[in-house]
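Report on the structure given below.
What follows is calculated from the coordinates using simple rules that are stated; it is not laboratory data. Remember, predicted model here, so these are calculated numbers, not experimental data. Using ideal geometry, Cβ is built from the backbone for each residue, glycine included, and neighbour counts are taken over all protein chains shown.
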Amino acid sequence: MYCLVLHPAPVHRAPDPALDPALLVNTMTTIGLAGPSLPGPDPHCYAAGAHFLELLTFLGCSPAVTLEPSADAPSDQAFCYLRIKWGEHGMEFLKLRDDPMARCPACRKTPANWQASALGTDSLTRAVTLSCPHCAAQIAPLDLDWRREAGLCSLRVEVVNIHPHEAVPVERLLARLAEVTGSAWDYFYCRTND
């Protein structure tokens, strides 16, 4: 399943332990991104809210966006909903493709050996420095440019069943999330198995 992932940036910063999860949920509900909690085993899943389609810009000529489960198959998860992950597993590397390529944020070139598999996902969260072979910039793995097709985060809001590059969050949504959490927010796309 594909997701649009909204997350605090920079990723170097762990979520504020004082951040009340209910405050984030309340904010998403108040602005109309999230609706009621969905029934099921995950208590952190929410229906799309009343302003969901206004807080995300859908790209393309006629995207098909399903906001409710089918009446014929209510357990079918092929509709858009929100899932909040609180970082219970620490920093996670999420990706859209099996082996995404990173780009140097300084010169914007893609070194041949900067695939996720070559870098090793464990090294992405460590305090090591990579040297770009094109411009010699010294870059922390957390600062790599994954072209919005991968990312590192702990706290995140997943907009489930959004295909890659199908939708982007509007600026006022990211600004409101930043206001509540005290950190700027960014986004990327990934594929999940759950």
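What residue among Leu53, Leu174, Leu23 shows peak mean-square fluctuation when the chain is described by a Gaussian network model with Cα springs under 10 Å?
Answer for the Gaussian network model of the chain: Leu23.
Rank His163, His51, His89 by mean-square fluctuation in a GNM of the chain with C-alpha springs under 10 angstrom and give only the top-ranked residue.
His89
Can you give the angle from 0 to 90° between the axis of helix 171-181 and the longest principal axis of the chain, with both taken from C-alpha atoms, to the nearest 10?
The two axes meet at around 90 degrees.
Could you give me the percent of Cα pairs per 10 Å distance bin for the chain, shortest bin first, beginning at zero and ending with the bin that holds the maximum distance?
Reading upward from the zero bin: 9, 34, 34, 18, 5, 0.
Using the crude model of +1 on Lys and Arg Cβ and -1 on Asp and Glu Cβ, and no other charge, please compute the dipole size for the chain relative to its Cα centre, in debye to 20.
660 debye
Looking only at Pro164, Pro100, Pro39, which one moves most when the chain is put into a Gaussian network model with springs between Cα atoms under 10 Å?
Highest fluctuation among the options: Pro39.
On a full-extension model of 0.36 nm per residue, what is the gain between Thr129 and Val65, subtracting their alpha-carbon distance, rounded to one decimal in nm?
Full-extension gain reported as 18.9 nm.
List the cysteines of the chain that have no other Cys Cβ closer than 4.7 Å: which are they?
If one checks each Cβ against the other cysteines of the chain, Cys3, Cys45, Cys61, Cys80, Cys153, Cys190 turn up with nothing under 4.7 Å.
What is the helix-to-structure angle for 21-30, meaning the angle in degrees between its Cα long axis and the longest Cα principal axis of the chain, kept from 0 to 90 and rounded to the nearest 10?
Approximately 60 degrees, to the nearest 10.
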